[in-house]
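Here's the structure we're looking at; comments come further down.
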Amino acid sequence: MSIYDLIIIGTGSGNTIITPQYDDLNIAIIEKGTFGGTCLNRGCIPSKMLVYVADLLSEISRATELGVTAEDVRVNWPEIQNRIFGRIDPIANSGEAYRKDLPNVTVLNEEASFVSQNEIHVGENIIRGDQIVIATGAVPLIPDIDGLSDIPFYTSDSIMRIKELPKRLAVIGGGYISTELSHVFSAFGSEVVMLVRGDSLLTNEDFSIQERFVDAFQKRVDLRLKTTVTEVQQDGSGIEIKYAGTTSGSLYADAVLIATGRLPDLNSLNVRAANIDTRNGYVWTDRNMRTSVNNIWALGDVTNPNQLKHTANAEARVISHNIINEDLIDVDLSPIPHAVFSNPQIASVGMTEQQLNHEGIRYVSAIEEYSSVAYGWAMEDNTGLCKIIADPATGLILGAHILGPQASTLIHQLIQGMKFGQTVKDLASGFLYVHPALSEVIENALLKVLSLCDL
């Protein structure tokens, strides 16, 4: 039996745990898939490279509004894929080769399954580790739909490598994965039909964002809310999809994308054999990122439903310190921002108005439209908005929600304000805003909410 000082299961953010301070440790890294994890190979990186092209195409499609005539615009799908994966795949290969070249690191390309709190079944062997890190991420959640196992379908793990753009793509799901990929394929020329069980898209977003996003997005896709897919079946070269809900019927598509969420695969990992506590399908961790078992740590999507790369990276830094130091540090993720890279783009941090109402927390809120600031005029943007929610007594930001171009960049000033206790007065009038930059939409929203506070 091979014995290691440290075993890391998963090579996404888990791979970043190893720093030069680990040179004296004997380490095993286990990866059953492509080295580098979800984000690099089949998640945020390739999807955003596709989103960037889709955004460009979306702007070209509205060029006439700005007095520009764009003709003979064509999408070369193989060339786009080659640009993306021709860059990404070598990174994964070189990352694995680099780890394998280190004298103190062993890379095991097998599936991992716990035997005990120190032992892991890998391939046909069992290895032992003094310390173990679980960084296995999550996998696509496949709904129970009659006939689904009998047809070829795609998930976010596979759709970006599809050989040809489908003429008609059926997307099942209404979260951030489905909206991002629906944006991509609709911009590339596919007719996209979205089948969503709920009565809105992106239901975790503030209701002001949801409403405005749905109004804009349904102009680009065939959006069918309150719809449940009941059966799918192959019909010649296409797929018949039967559904029920507000209306019932069937439709045909060339391809089906399942985008109903992602969950950790704790069964194949066999965490019960190590007596690791779980909560709601996720591995539980304390503030030091230690599981219920003293020598086992966990990070990323396997531990929480946020499923954000930036939180996983922060957790990895905490674990990297805590494994080799006696003075343990706590993870501090608050406030956790997120973005949806669809079109229009969304970025949010803090609480939504629905959450505040549910918890009975007093607040004031204000909205500034992109179309009310000079750069918004320049873009002819009639959709974007910035919503800021604050505590009227203290002026502290409780939540911030932005819809529109550059949302994921604009949100950072408000994240900083929340993190360091800056009030809306501090942020609105404590420094100068560049004119006529788009950031004026933040300034004006802050001034509006400030006028409603008891300061």
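Laboratory data are not the source of any read-out in this text; all were calculated from the coordinates shown. Just so it is clear, the structure is predicted and the values come from calculations on it, not from any experiment. Here Cβ is always computed from backbone atoms with ideal geometry, including for glycine, and neighbour counts include all displayed protein chains.
The modelled label-to-label distance for the pair residue 157/residue 247, using points 7 Å beyond Cα in the direction of Cβ, is 3.5 nm.
For the cross-link pairs 32/163; 167/226; 48/219; 387/425; 387/448; 48/309, which exceed 20 Å when the distance is taken from alpha carbon to alpha carbon? All intermediate terms of the calculation are to be shown ahead of the outcome.
Details: 32/163 24 Å; 167/226 24 Å; 48/219 22 Å; 387/425 16 Å; 387/448 10 Å; 48/309 13 Å.
Where the Cα-Cα span goes over 20 Å, the pairs concerned are 32/163; 167/226; 48/219.
Helices in the chain, meaning DSSP H runs of at least 4 residues, each add -39500 (n - 2.57). Divided by all residues, the mean residue ellipticity at 222 nm is -9000 deg cm²/dmol.
From a point 7 Å beyond the Cα of residue 130 in the direction of its Cβ, which residues of the stretch 21-55 have a backbone N at a distance under 14 Å? Backbone N within reach: 22-28.
On the beta carbon distance between residue 3 and residue 451, with R0 = 51 Å, the FRET formula returns roughly 0.20.
How would you rank 354-366, 239-251, highest first, on the average number of other Cβ atoms within 10 Å across their residues? Walk me through the numbers before you get to the answer.
Values: 354-366: 13.8, 239-251: 15.4.
Sorting 354-366, 239-251 by mean packing, highest first, produces 239-251, 354-366.
Remark: the stretch 100-106, residue by residue, has Karplus-estimated 3J(HN,Hα) of 5, 7, 6, x, 9, 10, 10 Hz, where x stands for each Gly or Pro and the curve is 6.51 cos²θ - 1.76 cosθ + 1.60 at θ = phi - 60°.
Per 0.36 nm of contour for each residue apart, how much would the distance between residue 380 and residue 141 grow if the chain were fully extended, relative to their Cα-Cα spacing?
Values: separation 239, 0.36 × 239 = 86.04 nm, distance 3.90 nm.
Difference between extended and current length: 82.1 nm.
Multiplying the residue separation of residue 235 and residue 330 by 0.36 nm and removing their Cα-Cα distance gives an extension gain of 28.7 nm. A straight chain from residue 66 to residue 104 at 0.36 nm per residue would run longer than the Cα-Cα distance by 7.8 nm. Could you tell me the calculated FRET efficiency between residue 219 and residue 21, based on Cβ-Cβ distance and R0 = 56 angstrom, to the nearest 0.05? E(calc), rounded to 0.05, equals 0.60.
Calculated FRET efficiency, residue 277 to residue 211, Cβ-Cβ distance, R0 = 45 Å: about 0.70 to the nearest 0.05. Phi angles of the stretch 124-134 translate, via the Karplus equation with coefficients 6.51, -1.76, 1.60 and θ = phi - 60°, into HN-Hα couplings of 9, 10, 10, 10, 10, x, 5, 10, 9, 10, 9 Hz per residue; Gly and Pro are given as x.
Dipole magnitude for the stretch 318-455: computed about the Cα centre from +1 point charges on Lys and Arg Cβ and -1 point charges on Asp and Glu Cβ, it is near 220 debye. Per-residue packing, averaged as other Cβ atoms within 10 Å, sorts the ranges 197-210, 137-150 into the order 197-210, 137-150, beginning with the highest.
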